[in-house]
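Each remark here refers to the structure printed beneath this line.
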Amino acid sequence: MQKRIVVIGGGPAGVEAATTTAPYAAAVTIVSDRPIGAWHQLLPSRVWLAAVDILYASQGPLASATKRLPDMSRYSLSEVHAQADRIGRQWSAQQARKLQDLGVKFFKGKASFQSPSQLLIASEADDAITVAADAFIVAAGSIPFVPPPLAPDGRRVFSPATAHEMPHLPASMIVIGDGPTGFEFVHIFSALNIDVTWLVLPGGPSCAIVPDADAFLVDMLLRRGVKIRPGEPVAELQRFDDHVAAVKPDGSRHEAEMAFVTIGNRPNVAPLNLEAVGVQVDARGSVRTDGFGQTNVEGIYAAGDARQVRAGSVSMAHARIAALHATGQETEPFDETCMVIPFLSNPQVAQVGVLSAAHDAIRSVEVPMQSALKTHISGHTQGFLRLAWNRNRQVVGGLAVGYQAADALAPVSVAIKTKTTIDTLASLYGPHPSISELPFMAARAACRQAP
């Protein structure tokens, strides 16, 4: 018997869950308090990155990694904000049409569980309604975590979620926090010739997603003049008419025209009343699940940032598996080893699988990006690709840093999934000239290193 499925959340994971479920369910409903397809937290940074790349393209290849700076008057923050808004509206409309064509119903409102089989939807326009279903997929995404003393104010202090409110580019900026979003915005601000002071915890900065790329990225940012200051967390942001001051517990201060806070995200599941129906949530607010996204309560699944705050591709993979499992279709549990996790743009950083293990069980080889003719044609020769394999010579991981680096890891992802050996990969040749040649070149280098 086909089931009634309700998906909570209209972001990438929610849309993927509803799209996957539609052919197998009696009825599919998606509930969100935001427009369908909203990707509000990450979209501004992606548009900012694209605008920076376009700006620097006029200066020649890899200008953003050099001291040559373009005419900053050509970078219009208002135009960037407007472009992000346009893209958001267009994408939302496209996703809504897709779901409508699949017969998926949409309710706009805030959801909360009343029982393991009933959901209350509170709408500003209408009275609250109760929806019953055979299975629920929680894909409510995440929200920025910002301590109250560091909260954005729309004047001097901003965050990834409020970047679109920034009225102009400042001469100086304090960035608080690292992780992938921290790296991205420090990259953006420094590429725009903003004087950046980066406050991170001891041992930082770390991108967290691809730690092996940290040294390469930090070196690039230091060459741009970014001042990195590891130390205690910022205790307070003092706001003044013309500047802001970040104050440490020891009383030390860092001042700039504006501050940007990017400490991290937390799953957006607190309003859903999950604990009341017995769903287990850990100390960080992540919903506990098995490999299929099934929680400890039968019929309630979690996907995306509600389960694990990771990349968008991971969220969508979670959602597809949960949707198939919830509708009784055959599927394998989630396997992150095959997921390419990217961030940044130029250079782009991406990793798939594992790169090291104890007792030298994994070996690796590194080839420079300039090994591929395509990088000389494009002018983007900086960076590298690392390929890892195990004692059975099976490909187990890859790391790429450089222009369009994630594209080079697609063959590695397939190789990991199919347990391909470095010997088989070495026998293949990607299109010439292209970035996708690099993993095959690396495999041939691996064969020479481990005959």
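Being under 23 Å from PRO342 (Cα atoms), under 24 Å from the mean Cα position of the chain (by Cα) and surrounded by fewer than 17 Cβ atoms within 10 Å (Cβ to Cβ): is that true of LEU222 here?
yes
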Test: GLU437 is in contact (Cβ under 8 Å) with a residue 40 or more places away in the chain, of a type in the set (Asp, Glu) and not in a helix (DSSP H, G or I)
no
State which residue is farthest from PRO205 (Cα to Cα) when the search covers only the range 231-285 and only residues that are within 21 Å of the chain's Cα centre (by Cα) and of a type in the set (Gly, Ala, Ser).
GLY285
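Could you tell me whether any residue of the range 121-137 is in a strand (DSSP E or B), outside the structural domain of ILE30 (by TED's automatic domain parsing) and modelled with pLDDT of 95 or more?
no
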If you scan the range 92-105, which residues turn out to be surrounded by fewer than 17 Cβ atoms within 10 Å (Cβ to Cβ) and outside any loop (DSSP other than H, G, I, E, B)?
ALA93, GLN94, ARG97, LYS98, GLN100, ASP101, LYS105
Checked the range 286-323 for anything within 15 Å of the chain's Cα centre (by Cα), part of a loop (DSSP other than H, G, I, E, B) and over 18 Å from THR337 (Cβ atoms); matches are ALA303, VAL309
Looking at the range 118-143, which of its residues are of a type in the set (S, T, N, Q) and buried (at least 18 other Cβ atoms within 10 Å of the Cβ)?
SER142
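Condition check ((1) without any contact (Cβ under 8 Å) to a residue 40 or more places away in the chain; (2) surrounded by fewer than 23 Cβ atoms within 10 Å (Cβ to Cβ); (3) touching a helix residue (DSSP H, G or I) at 6+ places or on another chain (Cβ under 6 Å); (4) among the hydrophobic types (A, V, I, L, M, F, W, C)) across all residues:
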position	(1), (2), (3), (4)
VAL200	yes, yes, no, yes
GLY203	yes, yes, no, no
SER206	yes, yes, yes, no
ILE209	no, yes, yes, yes
VAL218	yes, yes, no, yes
HIS243	no, yes, no, no
PRO249	yes, yes, no, no
What number of residues in the range 8-40 are over 21 Å from ASN265 (Cα atoms) and touching a strand residue (DSSP E or B) at 6+ places or on another chain (Cβ under 7 Å)?
11
Which of the following residues is buried (at least 18 other Cβ atoms within 10 Å of the Cβ) and farther than 17 Å from PHE145 by Cβ: VAL261, VAL277, VAL287, VAL281?
VAL277
Any residue in the range 266-283 that is free of Cβ contacts under 8 Å to residues at least 40 places away in the same chain and either in the same structural domain as LEU150 (by TED's automatic domain parsing) or over 16 Å from PHE113 (Cβ atoms) (or both)?
yes
Mind counting the residues in the range 171-198 that are surrounded by 20 or more Cβ atoms within 10 Å (Cβ to Cβ) and in a loop (DSSP other than H, G, I, E, B)?
4
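The values are calculated or read from the model by the stated rules, or taken from the named source; none is laboratory data. Being a predicted model, the structure only gives us computed values, none of them experimental. All Cβ positions, glycine included, derive from the backbone under ideal geometry; neighbour counts span all protein chains shown.
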